[in-house]
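Here is the structure we will look at, set down as structure tokens.
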Amino acid sequence: MTDATDTPDNTTDNPQQLRDRRAAYALLRIILGTNILMHGLSRLLAGSSQFATKLVPQFSHTPLPLSLVYSFGLVLPWTEALFGLLLVVGLRTRAALVGGSTLILMLTFGSALAQDWSAASIQLTYAAVYAALLFLISYNGWAVDALLTE
């Protein structure tokens, strides 16, 4: 099943309400996508190895192997950039939302392990936005996914 095959139950929506809900969904999806894309791009432009190197000391007091932390730091910017781009254009939206949620889960685990409660709190906000977008995916009408299923 593709993302755009879910259609909203618009029996109670008039055409204007449906347009507004799709616009709201698209705006939130694009804002989240831009945020995540820029996380990835800024880290890539600075050098993913530089980001990974800065990440290692933050986890030196945790039981995580530092080689795993470094490897995760190398992959994270690429993953963020990919999920962000997919969300911005609305392509494979469901997969990008599930993948992004999984990524936030991993980041939250790491933040909690490092006892960085400030970062964990921010990640909870991201998790809520991902969940809301996944819950409301039936309004993903202004997206490449919708164009591909027409």
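Laid out as a table, the results:
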{"quantity": "Index of the failed condition, Met38 passing every other in (1) touching a residue at least 24 places away in the same chain (Cβ under 8 Å); (2) buried (at least 16 other Cβ atoms within 10 Å of the Cβ)", "calculated": "(2)"}
{"quantity": "Residue match in segment 75-86 (condition: touching a helix residue (DSSP H, G or I) at 6+ places or on another chain (Cβ under 9 Å) and closer than 30 Å to Pro15 by Cβ)", "calculated": "yes"}
{"quantity": "Pair list, Cβ < 6 Å and 6+ apart or interchain, from segment 54-80 residues that are part of a helix (DSSP H, G or I) and surrounded by 11 or more Cβ atoms within 10 Å (Cβ to Cβ) to residues that are among the small types (Gly, Ala, Ser) and modelled with pLDDT under 95", "calculated": "Leu74/Ser48; Pro77/Ser48"}
{"quantity": "Verdict on Ala23 being part of a helix (DSSP H, G or I) and more than 16 Å from the chain's Cα centre (by Cα)", "calculated": "yes"}
{"quantity": "Among (1) part of a helix (DSSP H, G or I); (2) of a type outside the set (Phe, Trp, Tyr); (3) modelled with pLDDT of 95 or more, the one test that Ala4 misses", "calculated": "(3)"}
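The values are calculated or read from the model by the stated rules, or taken from the named source; none is laboratory data. Here the structure is a predicted model, which means the values were calculated and not measured. No Cβ is skipped: glycine too gets one built from the backbone with ideal geometry, and neighbour counts run over all protein chains shown.
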